[in-house]
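Worksheet: the structure to be examined is printed underneath.
The values are calculated or read from the model by the stated rules, or taken from the named source; none is laboratory data. All of these numbers come straight from a predicted model, not from anything done at the bench. We place every Cβ from the backbone using ideal geometry, glycine too, and count neighbours over all the protein chains shown.
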Amino acid sequence: MQNINSGGVKMFNSNFYTLKQAMDVSLLRQKIHSLNIANVSTPGYKRKYVAFEEFLKESKMRLELARTSEKHLGGSQRVVEPRVLTQNDTTMRNDGNNVDIDYEMVQLVKNGLRYQVLTRLMSMNIDRYNAVLRSVR
C-alpha cells in the first residue's frame, strides 16, 4: 500500500488507504469465488480462497508508528498483502473436486455486501473532504 505524498505531507487520511486495500481484497475474493463456482464440475479442482485478515492480525503490532521527533525509534513498516491459497485437504466428490457450490454462493453474496459497505464508507470519506474544500473557497 503506497501513500501519495505532496512535499512530505500525506494528502489523505489513512482511511483512504485502508478502505482501498479492503476494497482490493474484496475484489480479489469475488474473482476467486467466481473461479471456484466456474470449476465446480472440474475433476480434481481444489477450492481456492483469499487469506488476508490472518496476516493482518499477525502484523498488527509491527506497523510503523508516526515519528514526531528524530530521536524517536522507528518501527518496522510491513505491508500486508492478500494471498490466494488452495484448500487441498478436503474432497467433496469422488473425482477429487472439493468445491461446495452452496458455500461459494453464500460467500459470493456476503463478499458483495461487504464491498457495498466499503464503497459507501469511501464515499462518505470523500464527502468529508468535499465539505472541507467547499468551505475553504
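A compact table of results
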read-out: Selection from segment 108-137 of residues that are under 25 Å from the mean Cα position of the chain (by Cα) and either polar (S, T, N, Q) or more than 19 Å from TYR17 (Cβ to Cβ) (or both); value: LEU108, VAL109, LYS110, ASN111, GLY112, LEU113, GLN116, THR119, SER123, ASN125
read-out: Subset of segment 41-66 (residues that are modelled with pLDDT of 95 or more and aliphatic (A, V, I, L, M)); value: VAL50
read-out: Any chance LEU108 is closer than 23 Å to GLN30 by Cα, of a type in the set (A, V, I, L, M), modelled with pLDDT of 90 or more and loosely packed, with under 12 Cβ neighbours inside 10 Å; value: no
read-out: Selection count, segment 1-40, where residues are modelled with pLDDT of 90 or more, under 21 Å from THR119 (Cβ atoms) and assigned to a loop (DSSP other than H, G, I, E, B); value: 0
read-out: Residue in segment 76-84 that is at pLDDT 95 or above and not polar (S, T, N, Q) present; value: yes
read-out: Subset of segment 82-118 [among the acidic types (Asp, Glu) and over 16 Å from HIS33 (Cβ atoms)]; value: ASP89, ASP95
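Conditions tested, residue by residue: (1) touching a strand residue (DSSP E or B) at 6+ places or on another chain (Cβ under 8 Å); (2) of a type in the set (A, V, I, L, M); (3) assigned to a helix (DSSP H, G or I).
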position	(1), (2), (3)
VAL84	yes, yes, no
MET92	no, yes, no
ASN98	no, no, no
TYR103	no, no, yes
VAL109	no, yes, yes
GLN116	no, no, yes
SER123	no, no, yes
ILE126	no, yes, yes
